[in-house]
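The values are calculated or read from the model by the stated rules, or taken from the named source; none is laboratory data. For clarity, every value in this text was computed on a predicted model and none was experimentally measured. As a convention, Cβ positions derive from the backbone with ideal geometry for all residues, glycine included, and neighbour counts pool all protein chains shown.
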Amino acid sequence: MPSPGSDIGLKAVAKTYMTRSGDAVHAVNRVDLDIARGEFVSLLGPSGCGKTTILRMIAGLEPPTSGEIVMRGEAVWQKGRRSAVATRDMAMMFQEARLLPWFNIEENIALPLRLRGEDEKSRLEKARSLCSTVGLSGFERARPSNLSGGMRQRAALARALGTEPQALLLDEPFGALDAMTRDQMNIELQRVCLARGVTVALVTHSIAEAVFLSDRIVALAPRPSRVVDIYTVPFERPRPVELQRSAAFQQLVGRIRDDILRAAA
Ligand SMILES: Nc1ncnc2c1ncn2[C@@H]1O[C@H](COP(=O)(O)OP(=O)(O)OP(=O)(O)O)[C@@H](O)[C@H]1O
Ligand SMILES: [Mg+2]
């Protein structure tokens, strides 16, 4: 069983996909991981090593082949079926914003609340307040196509926060953004997570992003993924952007990069 205080627990989780041609793809080998309440954990690993698969299994979108996933004491998967209770308080965010083009920004942000049956007045009020939280005030009525990529990701973050999730599962949410917008989004994300005490699992290809945002970093081996290293990040919060220029920050980034290269060799 996961340790006490654990928010998300993975015990011997493995995933094998069967392709249409009948081949078995071993995506995740055997992953054990406990993420504490309010903790920010990043997953780093080479392309195709199973990171998205791990997040999708936690989110209840993909059943594991074996092993157990627990969210706040509740099994996410029971006999191959997703538990609505365990996944209710999780929200996932993807590399692309996935906004509905025919809805404006506040309607997009309010959509999960609408699906939960919240009345129009209340959900639009919340959506407007979330727009301000993520720096989108003034764009509530804009269409997604009229926003920049960074603004669309802000809207996706606001939508993910709308249901007040206890856990956020983020799959390379800022990978497509330019470096400056990405820095801004990281500051925004850190602020929101600190304010709300939300538990986060972030998949990223950027070691610097992982070090900047995380309490712990999990390095995964090439497919099928298994945990090869876990790093604890010592920097105090809130962390300013300038931290990235410090020697201690760059040393940790360098050390993780060297370890990953060695593991892949
Ligand atoms: N639905 C599927 N059917 C068959 N194989 C799949 C399926 N989804 C993923 N895979 C395979 O499982 C492995 C892990 O995929 P996954 O998308 O989890 O990797 P990833 O670490 O997120 O990669 P990336 O960093 O490129 O996003 C890959 O080899 C992929 O081809
Ligand atoms: Mg992926």
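Values as computed for the structure displayed
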item: Residue check for Arg116: more than 28 Å from Ala208 (Cα to Cα), in contact (Cβ under 8 Å) with a residue 40 or more places away in the chain and out of contact with any helix residue (DSSP H, G or I) (no Cβ under 7 Å at 6 or more places or on another chain); result: yes
item: Residue ID - surrounded by the fewest Cβ atoms within 10 Å (Cβ to Cβ), chosen from residues in the stretch 48-90 that are among the polar types (S, T, N, Q) and farther than 14 Å from Val13 by Cα; result: Ser83
item: Residue count, the stretch 93-105 (criterion: surrounded by 21 or more Cβ atoms within 10 Å (Cβ to Cβ) and either out of contact with any Asp or Glu (no Cβ under 7 Å at 6 or more places or on another chain) or under 18 Å from Pro165 (Cα atoms) (or both)); result: 3
item: Pairs, first within 17 Å of Gln95 (Cα to Cα) and in a helix (DSSP H, G or I) in the stretch 51-63, second within 7 Å of ligand 1 (Cβ to nearest atom) and modelled with pLDDT under 95, C-beta under 6 Å, six or more apart; result: Lys51/Gly45; Thr53/Ala27
item: Members of the stretch 170-214 found to be aromatic (Phe, Trp, Tyr) and either closer than 18 Å to Ile8 by Cβ or away from ligand 1 (no atom under 16 Å from the Cβ) (or both), listed by number; result: Phe212
item: Tally of residues being under 18 Å from Ala208 (Cβ atoms), hydrophobic (A, V, I, L, M, F, W, C) and without any contact (Cβ under 8 Å) to a residue 40 or more places away in the chain across the stretch 254-265; result: 1
item: Count - residues of the stretch 64-77 that are in a loop (DSSP other than H, G, I, E, B) and away from ligand 1 (no atom under 16 Å from the Cβ); result: 3
item: Unique match (being farther than 30 Å from Trp77 by Cα and either among the polar types (S, T, N, Q) or in a helix (DSSP H, G or I) (or both)) among Gly135, Gly150; result: Gly150
item: Enumeration of residues in the stretch 202-243 that are touching a strand residue (DSSP E or B) at 6+ places or on another chain (Cβ under 9 Å) and of a type in the set (Asp, Glu); result: Glu209, Asp215, Asp229
item: In the stretch 27-47, residue surrounded by the most Cβ atoms within 10 Å (Cβ to Cβ) [restricted to those that are away from ligand 2 (no atom under 16 Å from the Cβ) and over 14 Å from the mean Cα position of the chain (by Cα)]; result: Leu33
item: Where Met90 falls short, out of the listed (1) within 16 Å of ligand 1 (Cβ to nearest atom); (2) within 15 Å of Leu170 (Cβ to Cβ); result: (1)
